[in-house]
Amino acid sequence: MVSMASQLFTTQDIAAANHALDGRTPQAVLRWAVAEFHPRLTMATAFGAEGCCIIHMLADIEPNVRIFNLETGYQFPETLELRERIKQRYGIEVEYIRPELSVAEYEAEHGGPLYTIRPDQCCYDRKIVPLRRAVEGYDAWISAIRRDQTTDRAAAGVVQWDAKFNLMKVNPLLTWTTKDVWAFIMKFDVPYNPLHDQHYPSIGCWPCTRPVTEGEEERAGRWAGTLKKECGLHVIEHEEGSGI
């Protein structure tokens, strides 16, 4: 099913939306997204601190927005347990989207794990492809990226056309900082991954994530020792002037 947003939102419409939402709160951005796109609005979460903040907001604004997690088979047990705590707290059951092959099948096909030798391929097969399947039929998806996290994310807009997945993308926390995120979590007692308290500011798949040391930037623990800092979901991909 083709996204209707590709036909309804022009470059001028996107610019106007960003102008109208400039300086607005994440809650205001989410209310706009719900009004514009629900029920063809969805959210992807890796259960990071930022995503947990958005889930808390959606529980008040529109708890029926479909939320999903890309369950690669390599997630930390703490991450999977957090899904259950979120369900208990908000009554929201985050849907698991899994790759076609289990971890055992995938590693057997490739003669072992790919994450050590071809991490980009592993991310593509177990994240990018499942996400494309998960957003089919939707007009927009919500992400929890922040502009200060990576150079790719720094180029994002609060509202933008996502050429990679062929639908609109809404980034309500784009202008927040780590301090903003944790102030919100503490204020509203938002459930979060306990690994954050063990020096894991950014949490992905366990083989490709390590704790950071004092003085390192927050994504230093992702694919440590390589130049890779993104799984590919939020990397800029241009198509007729469109962005991330």
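Any idea of the accessible area per residue across the chain, 1.4 Å probe, to the nearest Å²?
Here the per-residue accessible area is 48 Å².
For the chain, give the magnitude of the charge dipole about the Cα centre (Cβ charges: +1 Lys/Arg, -1 Asp/Glu; no others), in debye to the nearest 20.
On the way: 26 positive and 34 negative charges, 44 e Å.
That gives the chain a dipole magnitude of about 200 debye.
Using label points projected 7 Å from each Cα along Cα→Cβ, tell me how many nm separate D189 and E93, to one decimal.
Between D189 and E93, the label points sit 2.6 nm apart.
FRET efficiency for T11 and S102, Cβ-Cβ distance as r, R0 = 45 Å, nearest 0.05?
Calculated value: 0.60.
Classify region 145-195 as rounded, prolate or oblate, taking a ≥ b ≥ c as the square roots of the eigenvalues of its Cα gyration tensor: rounded when a/c is under 1.5, otherwise prolate if a/b is larger than b/c and oblate if not.
prolate
When every alpha-carbon pair in region 80-200 is counted, what percent end up more than 17 Å apart?
Of all Cα-Cα pairs in region 80-200, 71 percent lie more than 17 Å apart.
Packing-wise, with mean Cβ within 10 Å as the measure, how do 188-200, 102-114, 163-175, 32-44 rank, highest first?
In decreasing order of mean packing, 188-200, 102-114, 163-175, 32-44 become 163-175, 32-44, 188-200, 102-114.
If you take the square roots of the eigenvalues of the alpha-carbon gyration tensor of the chain and sort them as a ≥ b ≥ c, do you get rounded (a/c under 1.5), prolate (a/b over b/c) or oblate?
rounded
Of the peptides 68-76, 14-22, how do they stack up when ordered by the mean number of other Cβ atoms within 10 Å, highest first?
68-76, 14-22
Convert 4 °C to kelvin, take the viscosity as 1.567 mPa s, use the Kirkwood radius over C-alpha pairs of region 11-123 as Rh, and evaluate the Stokes-Einstein diffusion coefficient in µm²/s, rounded to a whole number. Let's see the in-between values first.
On the way: Rh = 16.4 Å.
D, rounded to a whole number, is 79 µm²/s.
Got a number for carbon plus sulfur as a percent of the chain's accessible area, 1.4 Å probe?
Roughly 52 percent of what the probe reaches on the chain is carbon or sulfur.
The values are calculated or read from the model by the stated rules, or taken from the named source; none is laboratory data. What you are looking at is a predicted structure, and each value in this text was computed from that prediction instead of being measured. Positions of Cβ are backbone-derived with ideal geometry, glycine not excepted, and every protein chain shown enters the neighbour counts. Accessible surface areas use protein heavy atoms only, side chains included; no ligands, DNA or RNA. Shrake-Rupley method; radii C 1.70, N 1.55, O 1.52, S 1.80 Å.
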